[in-house]
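Data first, discussion second: the structure below is written as structure tokens.
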Amino acid sequence: MLQAVTTARTRAALAAALTVLALAACAPEDDEDEPAGDPPASASCTADQLPTLEPGTLTIGTDNPAYPPWFVDNDPSNGEGFESAVAYAVAEQLGFDRDSVVWTQVRFDNAIAPGPKDFDFDINQFSITEERRQAVDFSSPYYDVKQAVIALADAPIAEASSLSELADATFGAQVGTTSYQAIVDIIRPGPEPAVFNTNDDAKAALENGSIDGLVLDLPTAFYMTSAEIENSVIVGQLPPLAEGEVEQFGLVLDKDSPLTDCVSQAVDALRADGTLAQLEQQWLADVADAPELR
């Protein structure tokens, strides 16, 4: 009896082994050329599959006026300027040719306000913050940025080398920006900061003496002092809003947008292949570090 049971068990084990071998023989072979790592981007991240506002069209928002060095000649559609070039590079990564891109004008503060958007994504020097994430989505960051103070060369703060020397000055910045937040949280001046709808309004206030200093992102500060405001200087750059963190720009999308993951994948790909670095060198090469105010 024992021998019969043992023989039956042996036959069962042999049958199981033969079954495993047969299944292995039928399984598809691994592609030795397939690289290890993350899986490829979803097929849904292509122009014909993306649920854009208008099928087959990518609608991109930005403010008016659109300032250098981010845009050139106030014409986002010409592909010139860092952010215009980045926008078209993202579009191409998603499979949209230039003729399939449409630009729409959106005020800075409206773009980051809660509610439905009339763009697929907006590019306008939007710093990524947790507060803004409550109202909108952000793509992966495409640029690391610093805030800076500019003033007229004969202003009392023009030679300042520390934050304490800015305490009695009147500052201004565009509404809703991290530039304004930097005034409130980092400079902390005695006088109430002035708020402007556009950087053009803020620039006029600096020129006519209504404010002592203007806070802008560093590339815009370099452009304004070199090409737009005569007899003006960069006083210095400010520390980051959060200690040890880097302020970064991201593309803005509607909250919980079905496009967010695909747009982030496009930005990540442009960083990985060196496109973002190349565009930064092309359009922002003249931006140098300014003295840091502490």
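The values are calculated or read from the model by the stated rules, or taken from the named source; none is laboratory data. Since this is a predicted model, take the numbers as computed values, not measurements. Heads up, the Cβs are rebuilt from the backbone with ideal geometry, glycines too, and the neighbour counts pull from every protein chain shown. SASA here: full protein model, heavy atoms, side chains in, ligands and nucleic acids out. Shrake-Rupley method; radii C 1.70, N 1.55, O 1.52, S 1.80 Å.
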Expected output for segment 247-265 (first residue of a type in the set (Lys, Arg), partner open to solvent by 20 Å² or more (accessible area, probe 1.4 Å), Cβ below 6 Å, 6+ apart or cross-chain) is Lys255/Asp137
Looking at (1) small (Gly, Ala, Ser); (2) buried (at least 22 other Cβ atoms within 10 Å of the Cβ); (3) out of contact with any Phe, Trp or Tyr (no Cβ under 8 Å at 6 or more places or on another chain), find the lone condition where Ala113 falls short.
-> (2)
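Just to be sure, is Ala89 out of contact with any Cys (no Cβ under 7 Å at 6 or more places or on another chain) and at pLDDT 95 or above? Outline the logic, then answer.
Working: out of contact with any Cys (no Cβ under 7 Å at 6 or more places or on another chain): yes; at pLDDT 95 or above: yes.
Answer is yes for this residue.
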Only one of Glu165, Glu159 is assigned to a helix (DSSP H, G or I) and of a type outside the set (S, T, N, Q); which?
-> Glu165
Checked pairs for segment 278-293, first of a type in the set (Asp, Glu) and at pLDDT below 95, second surrounded by fewer than 13 Cβ atoms within 10 Å (Cβ to Cβ) and not in a loop (DSSP other than H, G, I, E, B), C-beta under 9 Å and 6 or more apart or across chains, list as Asp286/Ser226
Among the residues of segment 88-110 satisfying the criterion of being in contact (Cβ under 8 Å) with a residue 60 or more places away in the chain and within 22 Å of Leu276 (Cα to Cα), which is most open to solvent (accessible area, probe 1.4 Å)?
-> Gln93
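Within the group Ile229, Ile157, Ile234, which residue is within 23 Å of Asp63 (Cα to Cα), hydrophobic (A, V, I, L, M, F, W, C) and crowded, with 18+ Cβ neighbours inside 10 Å? Even if it seems obvious, please write down each step before you answer.
On the way: Ile157 fails: within 23 Å of Asp63 (Cα to Cα); Ile234 fails: within 23 Å of Asp63 (Cα to Cα).
Only one candidate qualifies: Ile229.
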Check segment 195-211 and report whether any residue there is touching a helix residue (DSSP H, G or I) at 6+ places or on another chain (Cβ under 9 Å), hydrophobic (A, V, I, L, M, F, W, C) and open to solvent by 20 Å² or more (accessible area, probe 1.4 Å).
-> yes
If you go through segment 235-258 one residue at a time, how many are part of a strand (DSSP E or B) and more than 19 Å from Pro219 (Cβ to Cβ)?
-> 2
Close pairs from segment 66-83: first within 19 Å of Leu276 (Cβ to Cβ), partner among the hydroxyl-bearing types (Ser, Thr, Tyr), Cβ under 6 Å, at least 6 apart | Pro68/Tyr223; Pro69/Tyr223; Phe71/Ser84; Pro76/Thr62; Pro76/Ser84; Gly79/Tyr88
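If the requirement is being over 21 Å from Arg271 (Cα atoms), in contact (Cβ under 8 Å) with a residue 60 or more places away in the chain and buried (at least 19 other Cβ atoms within 10 Å of the Cβ), which of these qualifies: Phe138, Phe119? Write out each step before concluding.
Values: Phe138 fails: over 21 Å from Arg271 (Cα atoms).
Exactly one residue qualifies, and that residue is Phe119.
If you take the residues in segment 279-292 that are part of a loop (DSSP other than H, G, I, E, B), touching a strand residue (DSSP E or B) at 6+ places or on another chain (Cβ under 8 Å) and within 17 Å of Thr220 (Cβ to Cβ), which one is least open to solvent (accessible area, probe 1.4 Å)?
The initial filter retains those residues of segment 279-292 that are part of a loop (DSSP other than H, G, I, E, B), namely 285-291.
Filter once more, keeping what is touching a strand residue (DSSP E or B) at 6+ places or on another chain (Cβ under 8 Å): 289-291.
Next, from what is left, pick out any that are within 17 Å of Thr220 (Cβ to Cβ): 289-290.
On the way: Asp289: 114, Ala290: 13 Å².
Filtering first and then ranking leaves Ala290.
Among the listed residues Ser162, Ser210, Ser179, identify the single one that is among the small types (Gly, Ala, Ser) and closer than 18 Å to Pro68 by Cα. Steps first, answer last, please.
Details: Ser162 fails: closer than 18 Å to Pro68 by Cα; Ser210 fails: closer than 18 Å to Pro68 by Cα.
Answer to the selection: Ser179.
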Matching residues in segment 107-128 - criterion: being within 16 Å of the chain's Cα centre (by Cα) and among the aliphatic types (A, V, I, L, M) | Ala111, Ile112, Ile123, Ile128
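Please go through segment 212-226 and give me each residue that is open to solvent by less than 40 Å² (accessible area, probe 1.4 Å) and among the hydrophobic types (A, V, I, L, M, F, W, C), ordered by number. Full working, then the answer.
Within segment 212-226, the first condition is being open to solvent by less than 40 Å² (accessible area, probe 1.4 Å), and the residues that meet it are 213-221, 224-225.
Hits for segment 212-226 are Leu214, Val215, Leu216, Leu218, Ala221, Met224.
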